[in-house]
Each structure stands twice: as structure tokens, then as C-alpha cells.
1. Can you list residue pairs whose Cβ atoms sit under 9 Å apart, with the first residue in the range 33-56 being under 11 Å from residue 98 (Cα atoms) and the second being assigned to a helix (DSSP H, G or I) and modelled with pLDDT under 85? Count only pairs 6 or more apart in sequence or on different chains.
2. Restricting attention to the range 77-88, which residues are more than 16 Å from the chain's Cα centre (by Cα) and charged (D, E, K, R)?
3. Could you tell me which numbered condition residue 91 fails, if it satisfies all but one of (1) surrounded by fewer than 18 Cβ atoms within 10 Å (Cβ to Cβ); (2) modelled with pLDDT of 90 or more?
Amino acid sequence: MLNYAYAVLIAQTQIRLIVEGYDPTIGIMHEKKALRGINPGFALDHMEPMRPVVDRGVLQLIDTVTFTGADFAIQTDGVCRLNPELARRVAQLAMERCEDLPYPKRGWRYQRKRTWRAVDSGT
């Protein structure tokens, strides 16, 4: 469930970064020059602070719901998949948890101290 929630989070982050005019493939902490243009490095950098929020939501879901075998499907290669209803629930949870979190705005620059954070450059 956590992997599925992260996939929703990275997709949502990439969309928001593109809308704001950023290239989600040019990373700071997740920079892989060999994968530039393919790997969403900046989107991965930007979603790092949101991971605990998604983690908390998934853990609360696990704590409050009693799951059955019908909630999952095991494929012949051993991969476990969520059923569509549970997948929608996890996706909605991830989107709701992160919709109010800040995203970078044009004119922001990134400074490195102990951790990366966006700093308004006043433009």
C-alpha cells in the first residue's frame, strides 16, 4: 500500500512541478546524470518532506480497516496487487493528505544547509 501511495504522490508532484514551470527530471539530491530526462529527480527531491504525511495516512488506514484476502490479488509471479477499490482508497488518501502542502513557486531558489529547503528570493 505504501508503494502505491508513493506512486500517486510522485505523479501528483510531477504534475504540480510541471504546471509551475519546473523540470521534474533535474534533481538536487536524487541527481543521476545518466538518467537525466528519464528519472524524476527533482520530483523525488520535492516529495521527500511529504513521505511522513503519506506514511501516517497509510498506517492509520491499516490500523482502522480489517483487510480480507479479497482486498489483494497474488499474481503467478508472486507480485501482490491491491484490488481496484482498495487502490482507489489509498490513492484518495495520498491525494487528500498532500493537497494542502506547499509546492515551490516561480522565483524560489534552493539553498543547502543541513537539508534542502525552498527560500523565497523575492522575485
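1. Correct list of pairs: 47/98; 50/97; 50/98; 53/97; 53/98; 54/47; 54/97; 54/98.
2. Those that are more than 16 Å from the chain's Cα centre (by Cα) and charged (D, E, K, R): 77, 81, 85.
3. Condition (1) is where residue 91 drops out.
The values are calculated or read from the model by the stated rules, or taken from the named source; none is laboratory data. From a predicted model like this one, the values you see are computed outputs, not experimental measurements. Cβ: placed from backbone, ideal geometry, glycine included. Neighbour counts: every protein chain shown.
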